[in-house]
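One structure is given here, and the rest of the page talks about it.
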Amino acid sequence: MTEPGVSILVIEDDAVALRLFQEILAAQGYDVRVAADAESGLREIARAAPAAVLLDLRLPLADGVALLRALRAGKCADLPVAIMTGDYLVDDRVVRDIEALGARVHFKPLFEDDLRQVVSGLLRRARDPDQNQTDRCEVRAAASRPNPGRHLS
C-alpha cells in the first residue's frame, strides 16, 4: 500500500540508480526528491523534512554514515533512513555503526518489490507515535572528507 504524495528523499550519486529509484517510487505515487551528494541531501532535508530517506553509503566528499551521524546529532534524530550499498564487502563495524544510528543496510541491486518493502518499513517507523519527527529539520553539516576505499554504487 502506497501513500500518495508522501515525500521520499533519495540521496544517490549514481545517476542510473537515482533515476531508477525515482521512477519506481514516483510510479507508486510518492513525491520523490533527489540529491546526488551529502551536502545537497542535507539542504533538501533542512528545506522540508521528507517522510523517509534512502541514502547511498558511498557518496563523494562525505559518505552516508557521516550524513546519518549529522541527522542523528541534529533535530532529525528520528527521521527514518535506509542505507543502500552495492559494496558487499562493507566492514561489519560499519554495519554495526549504521544499526546503532537507527538505520539498516540494504544491498543493491534493490528490485522493485525490495524497494517497496524498504520504503513501507520506513514509513511505518515514521508513523510510530513514539517518534518525534518535526516538519522542519535542523542538521549539522556532515564532515566533508574524501570517501576512503572502493566506490561501488
Item to check | Note, ³J(HN,Hα) from phi for segment 56-63, Karplus 6.51, -1.76, 1.60, rounded to Hz, x at Gly and Pro | outcome: 5, 5, 9, 10, x, 6, 10, 7
Next on the checklist: Can you give me the long-range amide H partners of C76? Hydrogens built in the peptide plane at 1.01 Å from N, cutoff under 5 Å, separation of 5 or more residues or another chain.
Outcome noted: E138
Checklist outcome for this item: HN-Hα couplings for segment 27-36 via Karplus (6.51, -1.76, 1.60; θ = phi - 60°), in whole Hz with x for Gly/Pro, come out as 5, 8, x, 7, 7, 9, 10, 9, 8, 9
Checklist entry - Tell me, what HN-Hα J-couplings in whole Hz come from the Karplus equation 6.51 cos²θ - 1.76 cosθ + 1.60 at θ = phi - 60° for each residue of segment 106-114, using x for Gly and Pro? => result 10, 8, 7, x, 9, 7, 3, 5, 4
Checklist entry - Using a simple spin-label model with points 7 Å from Cα along the Cα→Cβ vector, what separation in nm is obtained for D91 and D128? => result 2.7
Item to check | Amide proton proximity set for D31, modelled H, under 5 Å, gap of 5+ | outcome: G5, V6, S7, I8
Checklist entry - What list do you get for V32, V16 if you sort them by fewest beta carbons within 10 Å? => result V16, V32
Checklist entry - Mind ordering 6-12, 112-118, 73-79, 38-44 by average Cβ neighbours within 10 Å, highest first? => result 6-12, 38-44, 73-79, 112-118
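Read-outs throughout are calculated quantities, based only on the coordinates presented, and are distinct from any laboratory measurement. These figures come from a predicted structure and were not determined experimentally. All Cβ positions, glycine included, derive from the backbone under ideal geometry; neighbour counts span all protein chains shown.
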